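Written below as structure tokens is the structure these notes are about.
Every number in this text was worked out from the coordinates using simple rules, so none of it is lab data. All figures in this text were calculated on a predicted structure; none of them were measured in a lab. Cβ atoms come from the backbone with ideal geometry, glycine included; neighbour counts cover every protein chain shown.
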Amino acid sequence: MESIGVLMTCPPPDPYLVEQLEKRFTLFKFHSIPDKAHFLNSNKASIRAVVGNASAGADAQLIHQLPNLEIVSSFSVGLDKIDLAKCRERGIRVTNTPDVLTDDVADLAIGLMLAVLRRLCQSDRYVRSGQWKRGDFKLTTKFTGKSVGIIGLGRIGLAIAKRAEAFSCPISYHTRTEKSDVKYKYYPSVVELAANCQILVVACALTEETRHIINREVINALGPKGVLINIGRGPHVDEPELVSALVEGRLGGAGLDVFQDEPNVPEELFGLENVVLLPHVGSGTMETRKEMADLVVGNLEAHFLNKPLLTPVL
Amino acid sequence: MQTDTNMCVLLKYITWQNRHGFAEECLVSIKRKGKKNPLLSRASVLKMAVSTDCHKAQQDFPKVLILKPISFIAHVGEQHYASNKFTFLKAYDSSLPLHQFLSTHSPSIKAILASVGTPITADILQLLPEVGVVVTTSVGLNQVDLPECRRRGIKVANAGSVFSDDVADFAVGLLIDVLRKVSASDGYVRKGLWATKGDYPLGSKLGGKRIGIVGLGNIGFAVAKRLEAFGCGISYNSRKRKPHVSYPFYESVCELAANCDVLVICCELTDQTRHMINKEVLSALGKQGVIVNIGRGAIINEKEMVQCLVQGEIAGAGLDVFENEPDVPVELFAMDNVVLSPHVAVFTPESFLDLRDLVMGNLEAFFSNKPLLSEYGD
């Protein structure tokens, strides 16, 4: 299979993934190629697969420039960087990495809730800067029993609910349609959900419909004591609105793993003590990244050996 | 006219009493005085009441002794610790030597409110023959001479489970922070390094980790219940095996450490647990192991733990307590696999007010001859 060209469109996310791909295929790292247009012209014939992730995948323009593209294998569960309609049109297979990262992302969502409510990062800085010698830290606020509202009750949303229940948090949710087999309280709109919970979590896929699902109205409904947790995608949130709400105190706090324009984070947030800012580490454990890489490689191998794909989307 | 004056005085009196919630006691006291000496006119009874009884009322109240300042009271404000059945007597406000202070006030001291740092020894109890109850703001009772209390028939009430949720939450928060590098990567982002230096190093998955709980009391149980929801396996070591618990029990902390990936210290500090977590236990925990301490600093041999961290003998630590607070070993400041907090596991208004309700509830129950809310019984 060494002659099969695989184009990695994102900055290499993981050394193990790169190593495993280079063992089996001819891997092109698009991100570090200076003259991309020239490169594509010269190599388009050999490129039969694309590997992407949350930062870059395969948009319509790229797909158009790759006449022999057969499969897009994403190092993520999110598919927002892939033009699925175009893939469907061309008969291009698409795979992602569901299930293997569900636990890590859900763990991090709870970790963010605890870090924001109990001011873990501030506490750690308080000790390291020597301030504890001058006096006690302040009171924060209890996490157990706070109501948690989840947008999107897929694998990750359900995993978050299960964990939050262990802290006696009442769970409510919003999805496009109410789920009949679920015991949590349903709200038909995000605004209503935000108005009726203390911690709001974004756990849905990013699509045309869910872009800016967290807007000014939702933020105001969540309110000065409310906390927003985003482990979805940056564009789920109207970022300038979020920033001004946090700075003005109209929103109580936020735990954010994703941003509109990663790795750039609005600097107004750096001085706030009621936010926790993470560099998109939702699936960022050694154990999970290896499983994700194995899925990406496994899917590509299956395709080129004419075997059933492991985790197909298309 | 005399009746009017009487009425004015009586009304002023009752208003003062109502404002301070002592109406009932004082009115009873007036009636009693009037009955004892029928020759006293009503007016003089009332005047006496206004000038002496009311002012004395508070002085007559039974006293609850506090030996050292209690931070839980300071944080919420003394107005939240007020009662119409008793008053607090602060030994630390007096310039008298303690023994003299106690001897002077002993007839009126009916109860003691103690925090974790205030030893209630047989010596102190000996000076207080009227004490009927010791109420603590701590869950642990290591500072109280329990056998002496038992001998004297003194009831003991602790903080029950008011702190369990907050402390358990904090333990889980510290653990996720250490494994997933939450505080470290938050700092990384705030310094603008994500844009310039790239992705932060990977963390370690929580799911599937084997958790060893040291001390399976209310707090230990609350930690276990939470971590089970993350797909963790639970085992424990305690003074005694717990009969109705399905988690595997290990006879020694060392054995527990050898069979788990994370140790969470949830026990009390006693002579037996002091420096119980030492180099041997940490070596058994191993190079991938993580320790979380929300108990007391001295349960861990701090010097040996720091050395283990420096030498990579364990993978990380989440620490809310230290041997000599607020001093923290400086070697820890340079480590990003360590999360530090300034003894704040119970620092929420909810916990502080729940404690206030429990402490005041226990004391008021005692002074009303009702069962205590959180009586400690072997």
In this structure, the FRET efficiency calculated for residue A:225 and residue A:183 from their beta-carbon separation, with R0 = 25 Å, to the nearest 0.05, is 0.45
When the charge dipole of the protein assembly as shown is computed with +1 on Lys and Arg Cβ and -1 on Asp and Glu Cβ about the Cα centre, the Cα farthest towards its positive end, among A:9, A:26, B:348, belongs to B:348
Checked against the positive end of the charge dipole of region A:104-259 (+1 on Cβ of Lys and Arg, -1 on Cβ of Asp and Glu, about the Cα centre), the farthest of A:206, A:157, A:122 is A:122
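Within region B:186-270, list the trypsin sites (Lys or Arg not before Pro) lying in a DSSP loop whose Cβ has at most 16 other Cβ atoms in a 10 Å radius.
Of the trypsin sites (Lys or Arg not before Pro), the ones in loops of region B:186-270 whose Cβ has at most 16 other Cβ atoms within 10 Å are B:191, B:239, B:240, B:241.
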Between the Cα axis of helix A:15-24 and the main Cα principal axis of chain A, the angle (0 to 90°, nearest 10) is 20
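Hey, what's the per residue convex hull volume over the C-alpha atoms of chain A, in cubic angstrom?
That works out to 151 Å³ per residue.
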The lysines whose Cα lies under 21 Å from the Cα of residue B:209, excluding any fewer than 8 residues away in the same chain, are A:162, A:290, B:181, B:225, B:287
The relative contact order of region A:218-265, taking Cα pairs under 8 Å that sit 6 or more residues apart, comes to a percentage of 51
Quick numbers on region A:101-277, Rg and Dmax over C-alpha atoms in Å, give 15.9, 55
For the residue A:136, residue A:165 Cβ pair and Förster radius 41 Å, calculated FRET efficiency rounded to 0.05 is 0.80
Taking GluC sites (Glu not before Pro) in a DSSP loop with at most 15 other Cβ atoms within 10 angstrom as exposed, one finds the longest site-free stretch of chain A at A:3-177
Taking every DSSP bridge whose two residues both lie in the protein assembly as shown, the antiparallel percent to the nearest 5 is 5
Note to self: C-alpha centroids of region A:191-215 and region B:128-184 sit apart, in Å, by 40
1/(1 + (r/R0)^6) with r = Cβ-Cβ of residue A:64 and residue A:250, R0 = 41 Å, i.e. FRET efficiency to nearest 0.05, evaluates to 0.40
Scoring region A:188-258 by relative contact order with C-alpha pairs under 8 Å, at least six apart, yields a percentage of 36
In a Gaussian network model of chain A with springs linking alpha carbons closer than 10 Å, the residue among A:196, A:274, A:264 that fluctuates most is A:264
When the charge dipole of the protein assembly as shown is computed with +1 at the Cβ of Lys and Arg and -1 at the Cβ of Asp and Glu, the Cα pointing farthest to the positive end, of A:295, A:167, A:82, is that of A:167
Between residue A:37 and residue B:83, the two model label points (7 Å from Cα along the beta-carbon direction) sit apart by a distance in nm of 8.4
Given unit charges at Cβ for Lys, Arg (+) and Asp, Glu (-), the dipole magnitude of chain A about its Cα centre in debye, nearest 20, is 580
Between the modelled labels at residue B:121 and residue B:103 (7 Å from Cα along Cα→Cβ) the distance in nm is 1.7
